[in-house]
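What follows is one structure encoded as structure tokens, with my remarks underneath.
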Amino acid sequence: MPLDTSTYNLALLRVDGRRWNELRRIHAQIRTQAAADGSSYLEMGHTKVMCVVTGPSEPGPRRGVAGAGGGGGGGGAGGQSKEAEVVVNIVIAGFSSVDRKRRGRGDKRTLEMQSTLSNTLAATLHTHLFPHSQINISLHVLSQDGSLLAALINAATLACVDAGIPMTDYVTACTAGSTSTYAANDEGADPLLDLNHQEEQELPGLTVATLGDSDKVVALVCESRVQISRLEGMLAVGVDGCKQVREILDQVIKAQGQKMILEGTVDKGTGLNDMDLD
Amino acid sequence: MPITILPPKFSHPPPPPQDISDSDSDLSSDDGGAHLDFASLGLPNRKPNPANNPLFTNLVTPGTLITPDPQWMRGHGTYIPPHTTHITSSLAGIITRTNKLISVSPLRARYTPEVGDLVVGRIVEVQAKRWRVDVGSVQLASLPLSAINLPGGILRKRTETDELQIRTFFAEGDLVVAEVQQLFQDGGAVLHTRSLKYGKLRNGLFAAVSGVGGGSGVVRSRRQVWTMEGQNGGGKMDVILGVNGYVWISKHVEQVAKELEQKHMGITNMEENVSAGVYSSQNDPIDSDTMREITRLRGVVTALVENGCRVDEDMVIRGYAEACEMAMLSETGPEDIYLGGQRGEELTRALRGN
């Protein structure tokens with residue numbers, strides 16, 4: 001029993017000692033790969049992912065049918081289109097989970113995550129500024145402990161910001177769940193924020209991604225059976241979690257910018273109040 | 001006696017001081033974890049709140065509202081959400097204002113070509129009447145056959161024969177130095193090499209660093225090409241800093257000047273007398289001292305970029321002098337050309353100190 005309901009009711013603490021509305025530790029870095037256009041590394045608890053963005057650039061030679069079908073879907077018809085195509089490639093390392101499992105290129109779950117990410121980012125990045133080009137996002141999963149899709153979305157957002165690709169706003173994601181299973185008709189079920197692997201296995205959960213500070217949901221994935229009455233609470237908690245994640249990612253980007261200003265790498269710029277109008 | 005576990009009392013302590021410079025983003029939520037109040041502990045708060053630093057007021061991240069005032073015009077790196085007049089940033093970068101135009105220059109981005117830029121590029125594709133050149137931009141640039149100096153004397157018309165032997169001028173993988181002549185609406189660039197300064201690159205070493213577009217790297221400056229004297233027995237070296245961040249460092253060859261002397265020709269018809277030698281892919285012999293100095297110079301350029309410095313003529317020349325001094329102090333003498341890691345940091349610190 002991963003989440004002993006009796007204990008939870010008494011202490012309101014989850015298996016890893018968090019309360020219902022607490023995120024796990026999020027640690028993020030950008031510019032981890034000097035040679036890439038944009039790169040990031042993100043940890044959400046023990047889920048660790050790396051992301052590298054290449055582009056926007058001229059699309060290379062068209063890949064085989066399998067590769068194109070897996071990654072594409074986002075920006076439409078590739079090289080000749082008026083918008084950049086967002087191609088996402090996810091590699092899940094064999095050592096990333098507890099049981100060593102080899103996932104091939106054609107793994108259905110990976111493909112689904114690829115197309116979710118590709119569609120989400122294609123809607124948020126300003127792809128119309130880069131006609132006939134392609135944005136390659138390659139993600140590597142180093143360690144899995146639940147909320148994998150959310151971590152992938154957050155890492156991809158950070159890497160895209162680092163690559164200087166214009167976007168409407170940050171896309172941040174996190175998961176939400178409910179304290180009791182679908183079958184247990186528990187009226188007092190609490191929504192939970194940021195599920196870890198154990199909780200994800202046993203409890204109903206969903207992944208939600210929102211656009212910046214707003215409540216606009218840009219991606220919502222639910223793969224488990226959940227009672228409709230609990231959905232609203234889960235969604236509300238999830239959206240709130242996304243805002244917290246946004247703050248954390250924003251701090252990471254700002255810290256990098258401040259470092260660059262202090263080192264004199266970039267100018268401090270001219271703001272609206274810096275000088276009078278001519 | 002049975003143990004009773006009491007439910008925690010939810011309290012809302014004031015949010016911890018936002019110490020951004022700490023760069024550790026561990027504050028997962030406001031009502032959890034230990035709240036360290038530096039003031040109450042009697043410890044000095046190490047750094048002032050960076051949000052109040054006037055240096056950082058122009059730093060924006062995607063989705064930041066810049067101004068709701070409709071009097072401003074939006075430029076690059078900004079957008080206006082539908083049904084509003086709010087100019088919003090779409091990049092992480094620095095606000096720059098030119099009169100009424102507001103734009104955001106990114107912290108880092110790919111090179112965006114502008115007319116007149118000196119670029120170094122690599123030929124990736126040969127087509128019927130043009131080459132496609134990688135200049136590190138969003139799209140490949142194109143170099144039409146009509147925009148190069150054809151060999152064989154007078155400024156002649158390009159013929160079908162030239163089209164057939166297009167590969168004899170530039171083939172795939174060749175490096176060229178060129179100028180951006182024209183831009184397309186979608187950001188694609190057209191290059192030309194109609195000058196003796198431009199053309200195929202030989203006798204040297206290529207380095208790709210980040211270019212104009214944000215952050216460290218090559219900056220647009222008055223002089224992008226110069227010749228400098230090599231130390232430690234090295235000969236003269238040519239340095240070409242492409243605005244796109246591609247750098248070419250080569251041995252200096254006085255070929256053109258020599259040819260002119262032989263033929264006793266004026267400077268007016270110099271460009272008409274380009275021989276086929278310009279399109280040769282054969283390197284001249286380079287002595288090992290010059291090779292070593294070329295490598296050292298490349299080490300300087302990469303060290304500058306790694307440590308967030310601008311790369312321009314002044315920095316490279318000073319950096320090279322500094323690197324030579326550092327090499328003299330080391331055990332192996334001038335043979336020591338390593339400028340990575342700590343030595344690179346040392347080098348840039350010395351340059352910044354001046």
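The values are calculated or read from the model by the stated rules, or taken from the named source; none is laboratory data. What you are looking at is a predicted structure, and each value in this text was computed from that prediction instead of being measured. Methodologically, a virtual Cβ is constructed for each residue, glycine included, from the backbone with ideal geometry; neighbour enumeration extends over all protein chains shown. Side chains included, ligands, DNA and RNA excluded: accessible areas come from the protein's heavy atoms. Shrake-Rupley method; radii C 1.70, N 1.55, O 1.52, S 1.80 Å.
Side notes on the structure shown:
- Cβ-Cβ distances below 7 Å connect the following pairs, each with a first residue in the range A:93-107 that is open to solvent by 100 Å² or more (accessible area, probe 1.4 Å), a second residue that is at pLDDT 85 or above, and a separation of six or more residues or different chains: A:ARG100/A:GLY94; A:LYS101/A:GLY94; A:ARG102/A:GLY94.
- Count - residues of the range B:294-339 that are open to solvent by 20 Å² or more (accessible area, probe 1.4 Å), in a helix (DSSP H, G or I) and of a type in the set (Lys, Arg): 2
- Number of positions in the range A:7-47 that are open to solvent by 60 Å² or more (accessible area, probe 1.4 Å) and either more than 10 Å from chain B (Cβ to nearest Cβ) or in a strand (DSSP E or B) (or both): 6
- Candidates B:ASN273, B:ASN283, B:ASN307: the one that is at pLDDT below 90 and over 29 Å from B:GLU179 (Cβ atoms) is B:ASN307.
- Per the listing A:ASP186, A:ASP215, A:ASP274, the residue uniquely modelled with pLDDT under 90, within 14 Å of chain B (Cβ to nearest Cβ), farther than 16 Å from A:ASN21 by Cβ and surrounded by fewer than 19 Cβ atoms within 10 Å (Cβ to Cβ) is A:ASP274.
- Single residue of the range A:1-57 satisfying the filter (among the aromatic types (Phe, Trp, Tyr) and at pLDDT 85 or above) that is farthest from B:ILE5 (Cα to Cα): A:TYR41
- You will find that of A:THR157, A:THR172, the residue that is within 11 Å of chain B (Cβ to nearest Cβ), part of a helix (DSSP H, G or I), crowded, with 24+ Cβ neighbours inside 10 Å and touching a residue at least 60 places away in the same chain (Cβ under 8 Å) is A:THR157 and no other.
- Out of A:SER133, A:SER147, A:SER118, one residue alone is surrounded by 22 or more Cβ atoms within 10 Å (Cβ to Cβ), in contact with a Pro (Cβ under 7 Å, 6 or more places away or on another chain) and among the small types (Gly, Ala, Ser). It is A:SER133.
- Residues in the range B:52-106 that are of a type in the set (A, V, I, L, M) and touching a Pro at 6+ places or on another chain (Cβ under 7 Å): B:LEU91, B:ALA92.
- Against the criterion of being at pLDDT 90 or above, open to solvent by less than 50 Å² (accessible area, probe 1.4 Å) and either of a type in the set (Gly, Ala, Ser) or more than 30 Å from B:THR67 (Cα to Cα) (or both), B:GLY116 qualifies.
- Flag for A:GLN201 being surrounded by fewer than 16 Cβ atoms within 10 Å (Cβ to Cβ), in a helix (DSSP H, G or I) and of a type outside the set (Phe, Trp, Tyr): yes
- Restricting attention to the range A:138-157, the residues that are within 15 Å of A:VAL88 (Cα to Cα) and touching a Gly at 6+ places or on another chain (Cβ under 8 Å) total 0.
- Residue in the range B:45-52 that is within 8 Å of chain A (Cβ to nearest Cβ), over 23 Å from the mean Cα position of the chain (by Cα), at pLDDT 90 or above and surrounded by 12 or more Cβ atoms within 10 Å (Cβ to Cβ) present: no
- The residue that is farthest from the other protein chains (Cβ to nearest Cβ), among those in the range A:232-259 that are open to solvent by 40 Å² or more (accessible area, probe 1.4 Å) and free of Cβ contacts under 8 Å to residues at least 24 places away in the same chain, is A:GLU232.
- Any hit, the range B:170-178, residues being of a type outside the set (A, V, I, L, M, F, W, C), at pLDDT 90 or above and touching a helix residue (DSSP H, G or I) at 6+ places or on another chain (Cβ under 7 Å): no
- Exactly one residue among B:GLY173, B:GLY187, B:GLY93 is within 10 Å of chain A (Cβ to nearest Cβ), open to solvent by 30 Å² or more (accessible area, probe 1.4 Å) and touching a residue at least 24 places away in the same chain (Cβ under 8 Å), and that residue is B:GLY187.
Let's see how each residue does on (1) open to solvent by less than 10 Å² (accessible area, probe 1.4 Å); (2) touching a Lys or Arg at 6+ places or on another chain (Cβ under 9 Å); (3) closer than 27 Å to A:GLY269 by Cα; (4) within 8 Å of chain A (Cβ to nearest Cβ):
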residue: B:LYS100; (1), (2), (3), (4): no, no, yes, yes
residue: B:ARG108; (1), (2), (3), (4): no, yes, yes, yes
residue: B:GLY121; (1), (2), (3), (4): yes, no, no, no
residue: B:LEU145; (1), (2), (3), (4): yes, yes, no, no
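- Residue in the range B:53-90 that is farthest from the other protein chains (Cβ to nearest Cβ), counting only those that are part of a loop (DSSP other than H, G, I, E, B), buried (at least 19 other Cβ atoms within 10 Å of the Cβ) and of a type in the set (S, T, N, Q): B:THR64
- Check on A:THR179, touching a helix residue (DSSP H, G or I) at 6+ places or on another chain (Cβ under 9 Å), modelled with pLDDT under 90, surrounded by 21 or more Cβ atoms within 10 Å (Cβ to Cβ) and among the polar types (S, T, N, Q): yes
- Looking across the range A:221-236 at every residue that is among the β-branched types (Val, Ile, Thr) and out of contact with any Asp or Glu (no Cβ under 9 Å at 6 or more places or on another chain), the one that is nearest to A:ARG109 (Cα to Cα) is identified as A:VAL226.
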